[in-house]
């Protein structure tokens, strides 16, 4: 699925870089869920009427779909041997910010 990442905020870039720099796929998966939870918290504040729907959509279209595929399929070789990086990173520290590197 193609994702347009041109309007990505610095915070989202941080999450993407944090995932791309993970030492293992297990850590990357954990960081991905942290990113999704952060986006859902923001959605709950800004658009509470949409947050519950996005949670259910993630459960049905992502988690359950891949959960069913794991036992009967194999990942593409590009994910086994040299996994691609998520596009859209490039986080930079803002001047004077007390932020940790991704």
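The values are calculated or read from the model by the stated rules, or taken from the named source; none is laboratory data. As the structure is a computational prediction, the values presented were derived from the model and not from experiment. Note: ideal-geometry Cβ built from the backbone for every residue, glycine included; neighbour counts use all protein chains shown.
Of (1) more than 26 Å from residue 94 (Cβ to Cβ); (2) exposed (fewer than 11 other Cβ atoms within 10 Å of the Cβ); (3) modelled with pLDDT under 95, residue 56 satisfies all except one. Which?
Among (1) more than 26 Å from residue 94 (Cβ to Cβ); (2) exposed (fewer than 11 other Cβ atoms within 10 Å of the Cβ); (3) modelled with pLDDT under 95, the lone unmet condition for residue 56 is (3).
Suppose we filter 95, 75 for residues that are in a loop (DSSP other than H, G, I, E, B), farther than 20 Å from residue 14 by Cβ and without any contact (Cβ under 8 Å) to a residue 12 or more places away in the chain; which single one remains?
The conditions single out 75.
If you scan region 40-55, which residues turn out to be in a helix (DSSP H, G or I) and out of contact with any helix residue (DSSP H, G or I) (no Cβ under 8 Å at 6 or more places or on another chain)?
Passing the criteria: 41, 42, 45, 46, 48, 49, 52, 53.
Considering every residue within region 2-19, establish whether at least one is exposed (fewer than 11 other Cβ atoms within 10 Å of the Cβ) and in contact (Cβ under 8 Å) with a residue 12 or more places away in the chain.
For region 2-19, residues exposed (fewer than 11 other Cβ atoms within 10 Å of the Cβ) and in contact (Cβ under 8 Å) with a residue 12 or more places away in the chain: present.
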